[in-house]
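Read through the structure below, which is laid out as structure tokens, and then see the notes.
Please treat every number below as a calculation from the coordinates, not as lab data. As the structure is a prediction and not an experimental result, all values here were calculated from the model. We place every Cβ from the backbone using ideal geometry, glycine too, and count neighbours over all the protein chains shown.
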Amino acid sequence: MTALALPTRKDEAYRYADLDALGRVWADLAQAREIVVPAGEAHSHVLLAANEAVEVHRARLVIQPGASLDLFALNGAAEYGRIEMDVEVREGARFTLNAANIAGGKATQEIVTHVRHTEPNGTSNQTVRSVLGGTATGSYLGKVAVARQAQKVDGEQSVKAMLLDRGATANCKPELEIYADDVKCAHGATVGELDPTQLFYAMSRGLPPAEAKALLLEGFVLQLWDDAPEDRRDELVEASRALLRRVAA
Amino acid sequence: MLEINNLHATVAGKPILNGLSLTVPAGEVHAIMGPNGAGKSTLSYVLGGRPGYEVTGGTVTFIGEDLLAQEPHERAAAGLFLGFQYPVEIPGVSSMQFIRESLNAQRRARGQADLSGAEFIRLARAEAAELGMDVDMLKRPVNVGFSGGEKKRAEMVQMGIMRPRFAVLDETDSGLDIDALRVVGAEINRIMRGPDRAALLITHYQRLLDYVQPDRVHVLAAGRIVRSGGPELALELEREGYAEVA
């Protein structure tokens with residue numbers, strides 16, 4: 001393994017990174033994990049990154065023709081969390097990412113994706129929800145590239161962030177790079193706050209403010225895990241709940 | 001049970017309630033009627049404690065306590081229920097979870113134990129059945145995709161499950177067809193009639209009062225009660241219009 005230099009902010013994919021935290025783990029960082037989904041197979045993966053103060057996960061994914069991969073990722077590291085993936089979607093293959101950043105305090109969390117449609121008829125769907133409190137920063141940098149021969153590709157990115165405090169920051173950057181002429185690519189990004197009317201409604205029913213907030217945030221985030229593999233869904237839900245209750249308190 | 005004395009309130013700096021006084025004793029149902037802009041919804045939000053509705057004078061006593069000193073969730077735990085004119089949608093949160101967590105938060109505040117999942121489902125099923133509502137409706141996200149009438153019925157299910165001491169129902173009749181109106185009226189009677197309970201119905205029209213006979217009717221205009229009377233006052237208003245009466 002060759003030692004690479006620590007990235008700088010000039011590198012677009014690291015523009016919002018916590019480089020101090022990254023520097024501490026950089027030397028020991030594992031190689032990007034390689035996952036190949038064989039042709040015609042349907043795989044699901046869960047990535048629960050909420051145990052260590054600093055968590056950096058990198059993956060190179062190849063989804064072979066006719067295969068599908070559903071990835072469920074929860075980014076909840078207390079200090080710095082980075083989930084980065086390069087995904088190749090081949091002919092008629094499907095990639096789905098459902099991911100959340102849940103950050104409070106001074107944490108920095110980011111989800112960085114590069115989805116490459118190299119062949120025709122592929123589909124990619126990315127849904128990312130961020131809940132950010134304190135002075136935390138949550139980012140989604142998502143590039144979808146469609147090669148010239150990759151006709152009839154359908155790529156979708158839905159990115160929403162919820163800011164709980166004035167000092168919190170959300171960066172949403174969906175990006176398209178399309179060389180084919182017959183494709184369908186859509187992206188939407190919103191940054192908002194909790195709706196005061198919903199909050200009052202919940203409080204008028206008896207929920208104290210922090211519990212009311214946490215419940216609304218669950219509504220915002222937990223739908224991501226509806227289609228997660230059954231044996232891991234509860235774990236994702238419970239981990240999300242615990243993180244949300246912490247940032248809403 | 002509820003005593004409002006010389007209440008003044010502003011919204012965005014504009015005076016809306018201007019010396020409103022009203023007493024609703026336990027065991028009674030009162031109706032407040034009044035033209036648009038009289039302050040009816042403002043009164044319900046002030047009683048519920050909604051942020052942005054600022055009380056600038058007067059007192060409200062609820063079961064012997066200073067209501068205005070309490071946070072909205074404390075008012076709920078004390079037994080106040082606010083039926084919303086436009087019940088709020090909460091995507092991603094099932095009604096079941098919403099009502100159960102709310103009810104258990106109230107119970108904890110009163111020093112009672114949480115209801116278990118099984119106890120809660122039994123209760124929810126029974127209350128939904130009273131309204132002819134399939135309990136599966138409550139597995140859907142709170143009020144999402146409900147018609148106006150379904151939302152009002154869902155409010156009644158919440159009220160039935162929570163069994164408040166006092167209900168402020170803000171235009172619960174709006175958006176209801178005749179059949180739904182009858183069902184909702186019967187629910188208000190079933191849930192809120194009793195020696196230890198009371199209700200305040202806020203409405204534009206007489207028609208809800210055909211099903212829920214009020215003990216007293218008050219006319220609200222320009223932020224004050226300008227007339228009070230028995231149920232016949234509602235009929236008079238319907239006949240003569242607010243301009244004549246108030």
(request) Given the options B:VAL11, B:VAL142, B:VAL168, state which has the largest fluctuation in a GNM of chain B using a 10 Å cut-off (strictly under) for Cα springs. (result) B:VAL11
(request) Please identify every one of the trypsin sites (Lys or Arg not before Pro) in the stretch A:1-75 that sits in a loop by DSSP and has no more than 16 other beta carbons within 10 Å of its own beta carbon. (result) A:ARG9, A:LYS10, A:ARG15
(message) Quick check: Cα centre of the stretch B:94-115 to Cα centre of the stretch B:181-246, how many Å?
(response) 31
(request) Compute log10 of I(q)/I(0) for the stretch B:91-154 with the Debye formula, placing one identical point scatterer on every Cα and leaving out solvent, at q = 0.12, 0.16, 0.28 Å⁻¹, to two decimals. (result) -0.31, -0.54, -1.23
(request) Extending each Cα 7 Å along its Cβ direction at B:ARG122 and A:GLU238, get the distance between those two points in nm, one decimal. (result) 2.7
(message) For a quick check: sort B:TYR53, A:TYR80 by the number of other beta carbons within 10 angstrom, fewest at the front.
(response) B:TYR53, A:TYR80
(request) Taking amide H positions as placed in the peptide plane 1.01 Å from N, state which residues far from B:ILE16 in sequence (5 or more) or on other chains have amide H under 5 Å from it. (result) B:ALA9, B:THR10, B:VAL11
(message) Out of all Cα-Cα pairs in chain B, roughly what percent, to the nearest whole number, are more than 25 Å apart?
(response) 41
(request) At a Cα cut-off below 19 Å, give the lysines reachable from B:LYS152, other chains included and same-chain residues fewer than 8 away excluded. (result) B:LYS40, B:LYS139
(message) Let me understand the stretch B:1-120 better: what is its radius of gyration from the alpha carbons, and its Dmax, in angstrom?
(response) 16.1, 48
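Write down the Å³ per residue value for the convex hull defined by the alpha carbon atoms of the stretch A:130-199.
So the per-residue Cα hull volume is 77 Å³.
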(request) Average the reciprocal distances over every distinct pair of alpha-carbons in the protein assembly as shown, invert the result, and give the Kirkwood radius in Å. (result) 25.4
(request) Quote the relative contact order of the stretch A:1-159 in percent (integer), defining contacts as alpha-carbon pairs under 8 Å separated by 6+ residues. (result) 18
(message) Could you derive backbone 3J(HN,Hα) for the stretch B:148-165 from the dihedral phi with the Karplus parameters 6.51, -1.76 and 1.60 (θ = phi - 60°), listing whole Hz in sequence and x where the residue is Gly or Pro?
(response) x, x, 5, 4, 5, 5, 5, 4, 5, 5, 4, 5, x, 6, 7, 6, x, 7
(request) Compute the normalised compactness of the stretch A:168-210: alpha-carbon radius of gyration over 2.2 N^0.38 Å, N being the residue count. (result) 2.05
(request) Counting helices only, and only those DSSP H runs with n ≥ 4, report the 222 nm mean residue ellipticity of the protein assembly as shown as the sum of -39,500 (n - 2.57) divided by its residues, in deg cm²/dmol to the nearest 500. (result) -8500 deg cm²/dmol
(message) Using a Gaussian network model on chain A with a 10 Å cutoff between Cα atoms, which of A:SER204, A:SER139, A:SER44 fluctuates the most?
(response) A:SER204
(message) Using amide H atoms built in the peptide plane, which far-off residues or other-chain residues are under 5 Å from A:GLN109 H to H?
(response) A:GLY81, A:THR137, A:GLY138, A:SER139
(request) Pick out which of A:ARG116, A:ARG166, A:ARG90 has the largest mean-square fluctuation in a Gaussian network model of chain A, springs linking Cα atoms closer than 10 Å. (result) A:ARG166
(request) Kindly provide the pair-distance distribution of the stretch A:115-249 built from C-alpha pairs, with 5 Å bins from 0 and whole-percent values in order of increasing distance. (result) 2, 10, 16, 16, 16, 14, 11, 7, 5, 2, 1, 0
(message) Using the crude model of +1 on Lys and Arg Cβ and -1 on Asp and Glu Cβ, and no other charge, please compute the dipole size for chain A relative to its Cα centre, in debye to 20.
(response) 560
(message) Please report the equivalent ellipsoid semi-axes of the stretch A:12-192, computed as sqrt(5 x eigenvalue) of the Cα gyration tensor, largest first, in whole Å.
(response) 28, 18, 13
(message) Whole-Hz ³J(HN,Hα) for each residue in the stretch B:106-112, computed from phi via Karplus 6.51 cos²θ - 1.76 cosθ + 1.60 with θ = phi - 60°, x for glycine and proline: what do you get?
(response) 4, 5, 4, 5, 8, x, 9
(message) Under 5 Å between amide hydrogens, which residues at least 5 positions from A:GLY104 or on another chain qualify, with H placed 1.01 Å from N in the peptide plane?
(response) A:GLY133
(request) Kindly write out, for the stretch B:52-64 in residue order, the coupling ³J(HN,Hα) from the Karplus curve 6.51 cos²θ - 1.76 cosθ + 1.60 (θ = phi - 60°), rounded to whole Hz, with x marking Gly and Pro. (result) x, 9, 9, 7, 10, x, x, 9, 9, 10, 10, 6, x
